[in-house]
Amino acid sequence: MPAPSFRATTHAPPSLSPAPEGFYARGRVASYVLLRTTFGITIMTHGLPKLTGSAHGSMADPMAGSVNLIENVLGLPFAPQLALFVALLESFGGLAIAIGFATRLFAPMLAVQMVAICLALGPTYPWIDRGIEYPIILGVVALHIAMNGAVAWSIDTRLARSARGA
């Protein structure tokens, strides 16, 4: 049984603003695609510097920072291998989500990654103090994308249509 479409399952409550309902109906799908694309690109900006060995903001070596976080803060074994997995997930998973490909595969993985980052950085909340504010938002967005899939303007949608013969 095919999953219900985003348009059919998302109903906005009546609004006090004067914009007509048609405006909201058209904007709902477009804003979701914008959210999905922006999220994917943002995640990519964290993975690519790890893979290319380039700086990311004030972090001179993001891959070394990831290895340190995994090994010394989270206390997990195989830190270099896990850091490489994270870099690949952020780079290629972020790209896949941005273009709407395999979103229900990559989005939950990124949500779990954000939970791990929150565990590593908590209990501090403000991001400016290296807290969990930013990864919480990214994790919730990843969860939202995982629950809704790619929706419109995506490779997933095109593949689903061609599989149905439409």
Checked ALA64, ALA60 against criteria (exposed (fewer than 13 other Cβ atoms within 10 Å of the Cβ), modelled with pLDDT of 95 or more, over 22 Å from the mean Cα position of the chain (by Cα) and of a type outside the set (D, E, K, R)); the one match is ALA60
Tell me yes or no: at least one residue of segment 138-151 is within 11 Å of the chain's Cα centre (by Cα), of a type outside the set (Ser, Thr, Tyr), within 26 Å of LEU34 (Cβ to Cβ) and loosely packed, with under 14 Cβ neighbours inside 10 Å.
yes
Just one of the numbered conditions (1) closer than 19 Å to THR45 by Cα; (2) among the β-branched types (Val, Ile, Thr); (3) surrounded by fewer than 15 Cβ atoms within 10 Å (Cβ to Cβ) is not true of THR124; which one?
(1)
Being touching a Lys or Arg at 6+ places or on another chain (Cβ under 8 Å), closer than 26 Å to LEU143 by Cβ and at pLDDT 95 or above, is that true of even one residue in segment 2-18?
no
How many residues are crowded, with 16+ Cβ neighbours inside 10 Å, under 15 Å from SER66 (Cβ atoms) and either polar (S, T, N, Q) or in contact with a strand residue (DSSP E or B) (Cβ under 6 Å, 6 or more places away or on another chain) (or both) when one looks only at segment 23-54?
1
Subset of segment 34-62 [of a type in the set (A, V, I, L, M, F, W, C) and free of Cβ contacts under 8 Å to residues at least 60 places away in the same chain]
LEU34, ILE41, MET44, LEU48, LEU51, ALA55, MET59, ALA60
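The values are calculated or read from the model by the stated rules, or taken from the named source; none is laboratory data. Quick caveat: nothing in here was measured; it's all calculated off a predicted structure. Heads up, the Cβs are rebuilt from the backbone with ideal geometry, glycines too, and the neighbour counts pull from every protein chain shown.
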